[in-house]
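The values are calculated or read from the model by the stated rules, or taken from the named source; none is laboratory data. Computed from a predicted structure; not experimentally measured. For neighbour counting, all protein chains shown are included, and Cβ atoms are generated from backbone atoms with ideal geometry for every residue, glycine included. Just so you know, the surface numbers come from the protein's heavy atoms only, side chains and all, with ligands and any DNA or RNA stripped out. Shrake-Rupley method; radii C 1.70, N 1.55, O 1.52, S 1.80 Å.
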Amino acid sequence: MSPSPVTLQRDGDIAVLLIDNPPVNALGKSTVQGLIDALAAFQADATAHALVIACEGRTFVAGGDIAAFEDPDFSTVPYNSFLGRLEALDRPVVAAIHGTALGGGLELAMACHWRVALRGTRVGLPEVKLGLIPGSLGTQRLPRLAGPEKALQMMSTGRMVGDQEALAAGILDELCEGNVGDVRAAALQRARTLVAEGGAPRRTSALPVPTAGLAPGFLDQAVALAEAQFRYPALAAIARAVRAAASAPSFAEGEAAEAREFMGVLRTPQSQAMRHLFFAERQTGKIPGLPRDLPLRPVERVGVVGAGTMGGGIAMALANAGLPVVLVEATPEALERGLGLIRRNYEATVAKGKLAAGVAEKRIALITPSLAYEDLSQVDLVIEAVFEDMALKKDIAARLGRVVKPGAIIATNTSTLDVDQIAQASGRPADVLGMHFFSPANVMRLLEVVRGAKTDPAVLATVMKLAPRIGKVAVVSGVCYGFIGNRMAEVYMREAEFLLMEGATPAQVDGAVQTLGLAMGPCRMLDMAGIDVGAKTVIELGKTGGLPQDPSYRALVQALFAKGQFGQKTGAGYYRYEGRTPLPNPDTLALAESLAREHGIARRDDISDTEIVERLIYPMVNEGARILEEGIAYRGSDIDVVWTAGYGFPDHAGGPMCLADQRGLAHVVERLEHYARVRGNAHGYWSVSPLLRQRAAEGRPLSLGAN
Ligand code: NAI
């Protein structure tokens, strides 16, 4: 048997309960059992006059074992009754906190009679981020310490609060300077003082919930507001649990209310989806076949070629992480324009109060503008972000291949071009891969890392490791048109346009998709990104023979482009714009109708929201299954990360693959077959991917972490 992560030691007449469960002292079955045993030992030993609870390593208990929630027998009862017995002790119990006390860790601290924390400690109840609520009396004890308003605010956002704020709110009792040893010494000192004073222990559960300063009906209103946010059922569960804390006649009844609410949210599809994403994001860096100890290449200095929309954003993302950047442009004008945009971006962030002016200056100073490729000779990584033009990209790859030092990595931000061809042009394809950022590149979290046929595994591993440093979640994609995200988006846009030609309005299409919780439907999205950008990719794809033999394929976007209606920037696209407000555009409706006539597409007036959602989302799922089949993505969960981190797919739906699993893959297959029948399948739009069919038959999910 492995030694318990919990030990009970002595410091004179005080018992010290130590938790040592690296890396973050998370609670799991063995820790909870260790706590129960240690408490029993303390109770049996009357010679110890008080108990101090402390943690080894870098932090106090920073949460629970999230995988345990998937266990059908999971129960909060053993831990919660331990906390009850701990708090009920007649001898003082003092928590010595350092690092972060999160989730079950803060719940442990709140069950103690006194909380001493090291300066710099942060506390929080982040369960809501997994679609859950605190399940170990956090909803009952936090309102007693911090008041219901603060407690609600903390639990509904999952935000961590700093030491001073926690002290002022009454969550912590005392701060101490120094190190882990000092906080333990301060806790022992406090325990001795409490023993000497001989007063009754101050039990959090015995405190009243302070409601005096609240507006009348505040808690009922908080519940009503939270219930309106029905896509996140945990919000309402938190609000109801806090209301119960304030109104239940006894702590035990509040406890029962929390338990009911916790079990209620644990099995919601929303929480399951959010937990799926939590694990999915932690999996993306695991690359099959790559040795764990592969030596990585150093990345301390970076170059960016092209200071346009993307290059500027990429330079900012790098500078924000403290990396010096050489930013190369073709002309002084373009360089000045790019730098101006970067400066204005930082100034806007400072003006909003989100960044100190001094910090912004330091970041700008990290970016060295240049017109000479030779200035890139000493960088460890260079990211090319020039126009989407194969001849230009090949030319630049060749120049970079010559100029950057041996061992440096060459990346391209292309969104549609063949990374292998660009790699070949560099003359050193092992050093090349794609780093596909999303706009705005300093904001969007997703980075698709495109693995070329000849990319050195160490190059791939280095870039995957760099991603979190620059605030990105990276997903590996193989080489194919559009990689993972845009390839799937293409079928989504295809169906959106067919629906418009059949007679749906842009508002109807967007509205239907938005019922899933996507912030923006396809028409709004393309109007914002630019009809010209969207149309050009279709036209370019046509030139390389990549389009189906279907003249009606994305005919609308091409017609809008031809008319100079580029979306929001020209005041008209799928919608007409007054400022940023989209309004119905009768011209576009007429255009869709005339294209339908031209291409023999039947007009209908019976298009339902259900049909819109099924026709937009299920082909995407089908394309995702093909992407898995072809080995373009390593795992279904990676695809879900692409869509939630890069395309605004809502976290409570978990991504398209998770959504398909939750709705049932057999149902998805049945609907694809249905549309093949009613719409015809001359171009293979509705042909079911063999992998999807197989998973549906086996009852195995598509969103699995490992395939
Ligand atoms: P952009 O037109 O805003 O910027 C391109 C920049 O490259 C211009 O400033 C231009 O002066 C510069 N440039 C051209 N030739 C050059 C040369 N020989 N040396 C140095 N600089 C040169 O274009 P954008 O939107 O930034 O796109 C750049 C790349 O990023 C393209 O490959 C595009 O497909 C890709 N991309 C674009 C996204 C977007 O949303 N705009 C998203 C993801 C990728």
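Filtered by the rule that a residue be open to solvent by 40 Å² or more (accessible area, probe 1.4 Å) and either out of contact with any helix residue (DSSP H, G or I) (no Cβ under 7 Å at 6 or more places or on another chain) or without any contact (Cβ under 8 Å) to a residue 40 or more places away in the chain (or both), segment 1-20 gives MET1, SER2, PRO3, SER4, THR7, LEU8, GLN9, ARG10, GLY12, ASP13, ASP20.
Can you tell me which residue within segment 594-622, out of those that are assigned to a loop (DSSP other than H, G, I, E, B) and among the acidic types (Asp, Glu), is farthest from GLY655 (Cα to Cα)? Step by step, filter segment 594-622, then rank; the result is ASP605. On inspection, VAL491 passes the criterion of being among the hydrophobic types (A, V, I, L, M, F, W, C) and either within 16 Å of the ligand (Cβ to nearest atom) or touching an Asp or Glu at 6+ places or on another chain (Cβ under 6 Å) (or both). Cβ-Cβ distances below 6 Å connect no pair with a first residue in segment 429-454 that is over 26 Å from ALA529 (Cβ atoms) and touching a residue at least 40 places away in the same chain (Cβ under 8 Å), a second residue that is open to solvent by less than 20 Å² (accessible area, probe 1.4 Å) and within 13 Å of the ligand (Cβ to nearest atom), and a separation of six or more residues or different chains. Of everything in segment 118-145, what is over 21 Å from LEU175 (Cβ atoms) and among the hydrophobic types (A, V, I, L, M, F, W, C)? Give them in sequence order. Once the filter is applied, which keeps residues that are over 21 Å from LEU175 (Cβ atoms) and among the hydrophobic types (A, V, I, L, M, F, W, C), segment 118-145 yields VAL128, LEU130, LEU132, ILE133, LEU137.
Mind listing whichever residues of segment 543-567 are among the charged types (D, E, K, R) and part of a loop (DSSP other than H, G, I, E, B)? Within segment 543-567, ASP550, ARG554, LYS563 meet the criteria. Close contacts from segment 576-589, counting a first residue that is open to solvent by 90 Å² or more (accessible area, probe 1.4 Å) and a second that is not in a strand (DSSP E or B), with Cβ to Cβ under 6 Å and a gap of 6+ residues or different chains, come to ARG576/ASN585.
Of all residues in segment 415-424, those that are surrounded by fewer than 22 Cβ atoms within 10 Å (Cβ to Cβ) and either in contact (Cβ under 8 Å) with a residue 60 or more places away in the chain or within 15 Å of the ligand (Cβ to nearest atom) (or both) total 5. Screening GLY358, GLY322 for residues that are on the phi > 0 side of the Ramachandran plot and open to solvent by 40 Å² or more (accessible area, probe 1.4 Å) leaves exactly one candidate, GLY322. Within segment 287-299, at least one residue is surrounded by fewer than 21 Cβ atoms within 10 Å (Cβ to Cβ), more than 13 Å from the ligand (Cβ to nearest atom) and basic (Lys, Arg). Per the listing LYS405, LYS394, LYS465, the residue uniquely away from the ligand (no atom under 11 Å from the Cβ), open to solvent by 40 Å² or more (accessible area, probe 1.4 Å), in contact with a helix residue (DSSP H, G or I) (Cβ under 7 Å, 6 or more places away or on another chain) and closer than 19 Å to GLY303 by Cβ is LYS394. Scanning segment 205-245 for residues that are surrounded by 12 or more Cβ atoms within 10 Å (Cβ to Cβ), assigned to a loop (DSSP other than H, G, I, E, B) and touching a residue at least 12 places away in the same chain (Cβ under 8 Å) yields a total of 7.
Can you work out which of the residues in segment 80-130 that are under 23 Å from ALA257 (Cβ atoms) and of a type in the set (S, T, N, Q) is surrounded by the most Cβ atoms within 10 Å (Cβ to Cβ)? Ranking the candidates gives ASN80 first. The residue of segment 302-333 that is farthest from the ligand (Cβ to nearest atom), among those that are in a loop (DSSP other than H, G, I, E, B) and within 27 Å of the chain's Cα centre (by Cα), is GLY322. Given the criteria in a helix (DSSP H, G or I), open to solvent by less than 10 Å² (accessible area, probe 1.4 Å) and within 16 Å of the ligand (Cβ to nearest atom), does ALA535 qualify? Taking the combined requirement at face value, the residue satisfies it. Here GLU495 meets each of (1) within 26 Å of GLY579 (Cβ to Cβ); (2) open to solvent by less than 30 Å² (accessible area, probe 1.4 Å) with one exception, condition (1). Taking segment 498-519 as the search range and keeping residues that are closer than 23 Å to GLY564 by Cβ and surrounded by fewer than 20 Cβ atoms within 10 Å (Cβ to Cβ), which one is farthest from the ligand (Cβ to nearest atom)? If we take residues in segment 498-519 being closer than 23 Å to GLY564 by Cβ and surrounded by fewer than 20 Cβ atoms within 10 Å (Cβ to Cβ), then THR505 is farthest from the ligand (Cβ to nearest atom). Would you check which residues across segment 256-270 are open to solvent by less than 10 Å² (accessible area, probe 1.4 Å) and among the β-branched types (Val, Ile, Thr) and list them? Of everything in segment 256-270, just one residue is open to solvent by less than 10 Å² (accessible area, probe 1.4 Å) and among the β-branched types (Val, Ile, Thr), namely VAL265.
Taking segment 552-575 as the range and being touching a helix residue (DSSP H, G or I) at 6+ places or on another chain (Cβ under 6 Å) and open to solvent by 40 Å² or more (accessible area, probe 1.4 Å) as the test, the residues that pass are GLN558, PHE561, PHE566, GLN568. Of the residues making up segment 693-703, those that are open to solvent by 60 Å² or more (accessible area, probe 1.4 Å) and in a helix (DSSP H, G or I) are ARG693, GLN694, ALA697, GLU698.
To keep it simple, each residue is scored yes or no on (1) open to solvent by 50 Å² or more (accessible area, probe 1.4 Å); (2) among the small types (Gly, Ala, Ser); (3) at pLDDT 95 or above; (4) more than 27 Å from GLU227 (Cβ to Cβ).
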| site | (1), (2), (3), (4) |
| --- | --- |
| LEU132 | no, no, yes, no |
| LEU137 | no, no, yes, no |
| LYS150 | yes, no, yes, no |
| GLN153 | yes, no, yes, no |
| GLU177 | yes, no, yes, yes |
| VAL183 | no, no, yes, yes |
| ARG203 | yes, no, yes, yes |
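Can you tell me which residue within segment 367-391, out of those that are polar (S, T, N, Q) and touching a helix residue (DSSP H, G or I) at 6+ places or on another chain (Cβ under 9 Å), is nearest to the ligand (Cβ to nearest atom)? Per the criteria, the residue is SER370. Pairing each residue of segment 76-94 that is more than 18 Å from VAL61 (Cα to Cα) with any residue that is surrounded by 23 or more Cβ atoms within 10 Å (Cβ to Cβ) and modelled with pLDDT under 95, provided the two are 6+ apart or on different chains, yields no C-beta distance under 8 Å. Got at least one residue in segment 274-283 being in contact with a Ser or Thr (Cβ under 6 Å, 6 or more places away or on another chain), of a type in the set (A, V, I, L, M, F, W, C) and open to solvent by less than 10 Å² (accessible area, probe 1.4 Å)? Yes, segment 274-283 contains a residue that is in contact with a Ser or Thr (Cβ under 6 Å, 6 or more places away or on another chain), of a type in the set (A, V, I, L, M, F, W, C) and open to solvent by less than 10 Å² (accessible area, probe 1.4 Å).
Kindly provide the set of residues from segment 666-692 that are of a type in the set (Gly, Ala, Ser), more than 31 Å from the chain's Cα centre (by Cα) and in a helix (DSSP H, G or I), ordered by number. ALA676, the sole residue that qualifies.
Taken together, the residues in segment 471-484 that are modelled with pLDDT of 95 or more and open to solvent by less than 10 Å² (accessible area, probe 1.4 Å) amount to 6. Among the residues examined, ALA441 does not qualify as surrounded by 20 or more Cβ atoms within 10 Å (Cβ to Cβ) and more than 14 Å from the ligand (Cβ to nearest atom).
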